[in-house]
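The next block holds one structure in the form of structure tokens; read it before the comments.
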Amino acid sequence: MSWTDFYRRREILEAAVRQGRRAPREPLALAEIPGAADVFGTEENLLLALHYRWTQLLSGYLRAELADPDHADEAGDQVDAVTRAWRQAQQDHEDLRTLLDGALERCTALEPLHRSELHMLALTAGLAEPGEPAAEIAKVGQAFDALVRAGDACPVRRRGPVGHLMRLLAPSA
């Protein structure tokens, strides 16, 4: 992929998120997004690319939060760190997350990716072990996800300058 292709794909993804902001539960109209049909072909492929982008972003927030030296002494409370990371990612990329949530019911190809995200949250938070059955890890992840979303009204705790710098650098990874 050339840099031109990379930037073109990024512009299409950003346009899709802007379109999804208006009606997140409605199918994306590829004809209204210049180049989307040529590059992605189907709404499903576009949604898969958007989910990949969300996974990159969330992973960056998780890495930054877990590596935050401001909280290294806090007995490694991974649940709080994962909660802060998810909430901050959702807050910073609310339109993308809302679009993906709206598309989950109509796009079955997103289902295994969403399940993988739930696994990642459960394992990273230390609420499940890698050797446990996948169905159990998914249940734990789903419960964790529901609790984090239910508490979205809670403010994200402020970080020190090093943690803030790590979080700023995470989306560029």
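Annotations for the structure displayed:
- Estimated vicinal HN-Hα couplings, Hz - the range 60-66 in sequence order (Karplus 6.51, -1.76, 1.60; Gly, Pro = x): x, 5, 5, 4, 5, 5, 6
- Here the Karplus relation 6.51 cos²θ - 1.76 cosθ + 1.60, evaluated at θ = phi - 60°, turns the backbone of the range 112-127 into coupling constants of x, 5, 5, 4, 5, 5, 4, 4, 4, 5, 5, 5, 5, 6, x, 8 Hz, with x for every Gly and Pro.
- Remark: the range 91-102, residue by residue, has Karplus-estimated 3J(HN,Hα) of 5, 6, 10, 4, 5, 5, 5, 5, 4, 5, 4, x Hz, where x stands for each Gly or Pro and the curve is 6.51 cos²θ - 1.76 cosθ + 1.60 at θ = phi - 60°.
Every number here is computed from the coordinates shown, using simple stated rules; none is lab data. Bear in mind the structure is a predicted one, so any value in this text is a computation, not a measurement.
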